[in-house]
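The values are calculated or read from the model by the stated rules, or taken from the named source; none is laboratory data. Quick caveat: nothing in here was measured; it's all calculated off a predicted structure. Ideal geometry is used to build each Cβ from the backbone, glycine not excepted, and the neighbour counts take in all protein chains shown. Accessible surface areas use protein heavy atoms only, side chains included; no ligands, DNA or RNA. Shrake-Rupley method; radii C 1.70, N 1.55, O 1.52, S 1.80 Å.
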Amino acid sequence: MVDGVEVPRAGVGEALVKVGAAGVNFADVMQTRGTYDNGPEAPYVAGFEAAGEVVGVGDGVDPALLGARAIGTGPGAFAEYMVMGADGLARVPAGWRDEQALGLVLNWATALAALRPLGQLAAGQTVLVHAAAGAVGQAAVRLAKHYGATVIGTASAEKHDVVRRLGADELIDYRNADIVDEVRRLTGGTGVDVVLESVGGETFAKSLEVAKRVTGKVIVYGVAGGVASVSNWDLNFKHQVHVIGLHIGVLAQHAPELYAELMAELDRLIETGVYPPGEPTVYDLADGPKVLAELEARATVGKIALKP
């Protein structure tokens, strides 16, 4: 914790938010390790997702936004105040606390993008969700079941009950079972229609292996387990599948209409109760280093929040 830091000012197109709760994501771990692409150089204020009250607006921003409770992204979320791009803000749903809205513009938007516009998941299909007990994983399990899919999740055994309660049909203990063998057994050898790949490392090759030949899609939105690659030779002769990269920030920037559609769909899912208020594990801001270490060790379940 650092005291005596001056409150930032909102610039053109920006909003100043008094942070009510900040979300902790694996990207925060990557930034501390220097492995996040174009990440900040130390020293820096960590965190990039927060919800709270808009207390200031810059030029070009509607003053009516002042006083609104909003969630968005920007640098320096692990603080009492942070600046966000106003065009990327979403309102905290009515009746929700700030911490309950964490994940809306990141985790849930990522899961929805991976499953629907990119994965083209349809009723009756099968999806494999890696890290199913994590924040994006839990959202993906709920969404996939809502859209009529069969869900296979991977998670350590002690987290299976959590994922099963969300609706997962089958669970694989990635630490003690062979993912490829298990998926083949569960699908009668055909593989899955969509793989949500957030792990990377050795798991990436397994994801390619279990996707259906020709029509299967592997949506890549994380590298928690390390860097992995696939060659043109692999895609031609070994893994005839669709490999699609996803970074929700890039999607919002380069496909704003698609991002707006995702947010509108999430609003509908909130209204119908498919997307319930979040239940993050909340820590004091001073516990940030401990929380990041636990997240890196895969000792956490679901969304994690810090409160200043």
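Overview of values
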{"quantity": "Under-5 Å amide H pairs with I172, H placed in peptide plane, nonlocal only", "calculated": "G153, T154, A155"}
{"quantity": "Label-zone membership for the range 35-69, site V12, 7 angstrom Cα→C-beta point, backbone N under 17 Å", "calculated": "57-62"}
{"quantity": "Accessible surface, 1.4 Å probe, highest first, among residues T154, T203", "calculated": "T203, T154"}
{"quantity": "Cα long-axis angle, helix 135-146 against the chain (0 to 90 degrees, to the nearest 10)", "calculated": "60 degrees"}
{"quantity": "Three-way shape call for the range 139-239 based on the alpha-carbon gyration tensor, with the a/c threshold at 1.5", "calculated": "prolate"}
{"quantity": "V301 - accessible surface, heavy atoms, 1.4 Å probe, Å² rounded to 10", "calculated": "60 Å²"}
{"quantity": "The range 1-116, relative contact order in percent, only Cα pairs under 8 angstrom and at least six apart counted", "calculated": "31 percent"}
{"quantity": "Probe 1.4 Å, protein heavy atoms only - accessible area per residue of the range 136-201 in square angstrom", "calculated": "40 Å²"}
{"quantity": "Relative contact order (%) - the chain, alpha-carbon pairs under 8 angstrom, separation at least six", "calculated": "18 percent"}
{"quantity": "Whole-Hz couplings from phi, Karplus 6.51/-1.76/1.60, listed for the range 237-242; x for Gly and Pro", "calculated": "10, 10, 10, 7, 9, 8"}
{"quantity": "Amide proton proximity set for T150, modelled H, under 5 Å, gap of 5+", "calculated": "G124, Q125, T126, V127"}
{"quantity": "The chain: calculated mean residue ellipticity at 222 nm from DSSP helix runs of at least 4, using -39500 (n - 2.57)", "calculated": "-7500 deg cm²/dmol"}
{"quantity": "Charge dipole magnitude, Cβ of K and R +1, D and E -1 - the range 136-199, Cα centre, debye nearest 20", "calculated": "240 debye"}
{"quantity": "Rounded to whole Hz, the Karplus (6.51, -1.76, 1.60) HN-Hα couplings of the range 76-84, x for glycine and proline", "calculated": "x, 6, 7, 7, 7, 9, 8, 9, 10"}
{"quantity": "Under 22 Å from the Cα of K212 - lysines, other chains or at least 8 residues apart", "calculated": "K145, K238"}
{"quantity": "Size of electric dipole in the range 126-170: Cβ of Lys, Arg +1 and of Asp, Glu -1, about Cα centre, debye, nearest 20", "calculated": "140 debye"}
{"quantity": "Under 5 Å, built H, 5+ apart or other chain: amide partners of V192", "calculated": "A211, K212"}
{"quantity": "Gap separating the Cα centres of the range 36-90 and the range 190-251, nearest whole Å", "calculated": "32 Å"}
{"quantity": "HN-Hα J in Hz across the range 254-268 - Karplus 6.51, -1.76, 1.60, θ = phi - 60°, x for Gly and Pro", "calculated": "9, 9, x, 5, 5, 5, 4, 5, 4, 5, 5, 5, 5, 4, 5"}
{"quantity": "Charge dipole (the chain, unit charges on Cβ, about Cα centre) - positive-most of L251, G167, Q31", "calculated": "G167"}
{"quantity": "Solvent-accessible ranking of Y221, Y275, largest area first, probe 1.4 Å", "calculated": "Y221, Y275"}
{"quantity": "Accessible area in the full protein assembly, largest first, 1.4 Å probe, for E6, E158, E170", "calculated": "E6, E158, E170"}
{"quantity": "Residue (of A224, G189, F48) at the positive-pole extreme of the chain, dipole from beta-carbon charges", "calculated": "G189"}
{"quantity": "Percentage relative contact order, the range 68-223, counting C-alpha pairs under 8 Å, at least six apart", "calculated": "17 percent"}
{"quantity": "Dipole of the chain, positive direction: furthest Cα of A122, G137, L262, with charges on the beta-carbon", "calculated": "A122"}
{"quantity": "For the chain, size of Cβ-based charge dipole, Lys and Arg +1, Asp and Glu -1, in debye", "calculated": "840 debye"}
